[in-house]
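Colleague: For reference, the structure I am asking about is given below.
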Amino acid sequence: MYVIGERINGMFTDIGNAIAAKDKKPVQAMAEKQLAAGASALDINVGTRVPKADRAAVMQWLVETVREVTNKPLCVDTPALETMRVGVAAAAKGGLPVVINSTIGQQDKLEAFMALAHEFDASIIGLSIDEKGVAATCEEKLEIAMRTIAAAMEAGVDVEKVYLDPIVLPVNVNQTAPGIVLETIRQIKMLSDPAPHVVVGLSNLGQGALEKHLINRTFLVMAIGAGMDASIHDPLDEELTNAMVTAELLLNKSIYSDSYLKAYRQG
Amino acid sequence: MKMLEEAKGKWAGALNEVVIGATKEQGGTRTSTVTVGGEKTLPFLAYEGPTKNRPVVAMEILDRVPEDWPKPLTDALGDAVKSPAEWAKKCVDQFGADLICLKLQGTHPDFGNASPQAAAATVKSVLAAVGVPLIIWGSDHDEKDNEVLPRCSEAAKGEKCVIGAVKEDNYKTLVSFCLADGHSLIGLSPIDINIAKQVNILVSEMGFPLDRLVMYPTTGALGYGLEYAYSIQERSRIAALGGDKMMSMPVICMIGQEAWRAKEARASAEEAPGLGDENMRGVFWEIATASALLQAGSDIMVMRHPESVAAIKNVITKLTK
């Protein structure tokens, strides 16, 4: 599983405060903790407390702060193209790996973000959202997925660098959506060979629910079973990580040993 | 050629590189060292990538006269088998062994019960007789190994030997000594990939570096479990190349020990008149077993007969050209 650690986000109080105080330490400590817990990449999001006009500069500071402690892929998380460009340029400096999080499936946005991905040899997450909003049905989500893949090929971005996000919504808002997402994952996996990567922003699912950790964990296992191979979530959630590692084990994606949970953390 | 290029495997991981032996400058007394592992592709697929370090051939010697070895084998080795030091020297000087694998079978309570001190003296005599690196095996008697191998580890301190074997239920004593004395370790698992991984995890949890571990997933000779050994080695190599750090250790195969245990290798012409020349059967059995396991991903081939050794070295040269 390609785990993108979600904790460097200004929406979390500790990181929000660190950004406000321009204090590197809590940010760098959080980066190192997530990587030690098995994260493959780190999401970087300045949050909404930062005024819009300052977001590009703050993104640059945040990316550079994290880059001081790791060469791992950084996942620049913003919907704004200009902020994205600044963040991606900082993260990709020296040829280091970077993920664009994210583009929506509206044609002009797709073209602009795919061009950026091509320019920086970046991976890119494509959401199943377009000018009409979040695609609600499996068919609509797949249509945007195909449009995204086509735009990537058009721009010269390797399909293996594209991560399709079918969008999970809070379960206490819409209870039919998770099943539709699972079906979409199965179908995306049949679109091409090798199949496109699938990612979700997992924590959105349990948002506001009393049993959010259990809900997220259960869905993660179901989605892995459906073919999902990447997830944006909190790698410090041990129960979540254990469930994920076990799901992959049961699918014969790793070799069993009595200490397989330890092996994941040591590897 | 286009088809071959398109069939290239893409691997995220690589095998650990293990350096065996230390020269004078490195704190030992070896005149040569051996490096195994480091591969980034399945074996011998030159179009995917080069063989980083070619598999090596160790020759197996015992600390006692091998009374139960078949005559064609002991005839080929000659009188040297009466002294471990002479035997080792002959393997290196005449038969071209890359390293020596000393099996301390004579320390086993049923095979002479030699003392830890006597075993340590044997280790020293072999180290003095040859310049190649040394693999030291106990007698596979857990309690006795825990007395014998620490003394051998101390006696060979700084020589960067490979010492074996540690098992899932007997590893702590030997890990501590090898850690302190700078040796590498062999992790033994009984044809069980899950236990192989478990042994690696347990040993590394004690702070033992992963690049000083070699796996012995047990060897099966042709006709006696070879296909099980092959599948396990192949699967573990694929896992290693896929990025499983707990499976990324080079593999040692006890080819001679297993091949010469086969009826087809041991039986005399009188006992088995239909099986062909008794002087060649065992040699062929050893060669067949070794050449198959090379393809599964093997790094250290421990062999017995000089002619099998020469043949397999030739095979390795051709495969890595």
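Colleague: Across the stretch B:180-224, what is the number of residues that are among the charged types (D, E, K, R) and farther than 18 Å from B:Lys167 by Cβ?
Modeller: 2
Colleague: For the stretch B:168-184, which positions are within 14 Å of another protein chain (Cβ to nearest Cβ) and either touching an Asp or Glu at 6+ places or on another chain (Cβ under 9 Å) or crowded, with 24+ Cβ neighbours inside 10 Å (or both)?
Modeller: Passing the criteria: B:Glu168, B:Asp169.
Colleague: Considering only residues that are surrounded by fewer than 24 Cβ atoms within 10 Å (Cβ to Cβ) and either away from chain A (no Cβ under 12 Å) or touching a Cys at 6+ places or on another chain (Cβ under 8 Å) (or both), which ones fall in the stretch B:234-253?
Modeller: The answer is B:Glu234, B:Leu241.
Colleague: Then there's this: Name the pairs: first residue in the stretch B:185-200 and within 9 Å of chain A (Cβ to nearest Cβ) and in a helix (DSSP H, G or I), second residue of a type outside the set (S, T, N, Q) and surrounded by 24 or more Cβ atoms within 10 Å (Cβ to Cβ), Cβ to Cβ under 6 Å, at least 6 apart or on different chains?
Modeller: B:Ala196/B:Met215; B:Ala196/B:Pro217; B:Lys197/B:Met246; B:Lys197/B:Met247; B:Val199/B:Gly187; B:Asn200/B:Gly187; B:Asn200/B:Met246
Colleague: In this structure, does A:Ala155 turn out to be over 30 Å from A:Phe120 (Cα atoms) and either surrounded by 14 or more Cβ atoms within 10 Å (Cβ to Cβ) or more than 14 Å from chain B (Cβ to nearest Cβ) (or both)?
Modeller: The answer is no for A:Ala155.
Colleague: Could you tell me whether the stretch A:149-163 includes any residue that is more than 20 Å from A:Val181 (Cβ to Cβ) and either touching a Leu at 6+ places or on another chain (Cβ under 7 Å) or part of a strand (DSSP E or B) (or both)?
Modeller: Yes, that holds for at least one residue.
Colleague: Also: Being among the basic types (Lys, Arg) and within 23 Å of A:Thr137 (Cβ to Cβ) is the filter here, so list the residues in the stretch A:180-224 that pass it.
Modeller: If the condition is that a residue be among the basic types (Lys, Arg) and within 23 Å of A:Thr137 (Cβ to Cβ), then A:Arg186, A:Lys189 are the ones that fit.
Colleague: Mind listing just one residue for me: the one in the stretch A:212-253 that is within 14 Å of chain B (Cβ to nearest Cβ) and of a type in the set (Asp, Glu) and, of those, nearest to the chain's Cα centre (by Cα)?
Modeller: A:Asp229
Colleague: Has the stretch B:272-294 got at least one residue that is part of a loop (DSSP other than H, G, I, E, B) and either among the polar types (S, T, N, Q) or under 24 Å from B:Ile61 (Cβ atoms) (or both)?
Modeller: If we filter the stretch B:272-294 for residues that are part of a loop (DSSP other than H, G, I, E, B), which is where we start, we get B:272, B:276-277.
After this cut, where a residue has to be either among the polar types (S, T, N, Q) or under 24 Å from B:Ile61 (Cβ atoms) (or both) as well, the list is none.
No, that holds for no residue.
Colleague: Could I ask something else about it? Which residues, taken from the stretch A:1-20, are touching a residue at least 60 places away in the same chain (Cβ under 8 Å), under 16 Å from A:Val66 (Cα atoms) and not charged (D, E, K, R)? Give the derivation first.
Modeller: So the first thing to find is which residues in the stretch A:1-20 are touching a residue at least 60 places away in the same chain (Cβ under 8 Å), and the list is A:1-7, A:9.
Within this subset, residues satisfying the condition of being under 16 Å from A:Val66 (Cα atoms) are A:4-7, A:9.
Scanning the stretch A:1-20 gives A:Ile4, A:Gly5, A:Asn9.
Colleague: Then there's this: Being touching a residue at least 24 places away in the same chain (Cβ under 8 Å), touching a Ser or Thr at 6+ places or on another chain (Cβ under 6 Å) and closer than 18 Å to A:Pro196 by Cβ, is that true of even one residue in the stretch A:86-101?
Modeller: Scanning the stretch A:86-101 turns up at least one residue that is touching a residue at least 24 places away in the same chain (Cβ under 8 Å), touching a Ser or Thr at 6+ places or on another chain (Cβ under 6 Å) and closer than 18 Å to A:Pro196 by Cβ.
Colleague: With A:Tyr260, A:Tyr264, A:Tyr256 as the choices, which residue is within 14 Å of chain B (Cβ to nearest Cβ), of a type in the set (Ser, Thr, Tyr), buried (at least 18 other Cβ atoms within 10 Å of the Cβ) and free of Cβ contacts under 8 Å to residues at least 24 places away in the same chain?
Modeller: Unique residue meeting the criteria: A:Tyr260.
Colleague: So in the stretch B:203-233, with the set limited to residues that are more than 14 Å from chain A (Cβ to nearest Cβ), part of a helix (DSSP H, G or I) and free of Cβ contacts under 8 Å to residues at least 60 places away in the same chain, which one is farthest from A:Tyr264 (Cα to Cα)?
Modeller: Per the stated criteria, the residue is B:Glu227.
The numbers here are math on the coordinates, done by the rules we state, and not lab data. Quantities reported herein were computed from a predicted structural model and do not represent experimental measurements. Here the Cβ is made from the backbone with ideal geometry for all residues, glycine too, and neighbour counts use every protein chain on show.
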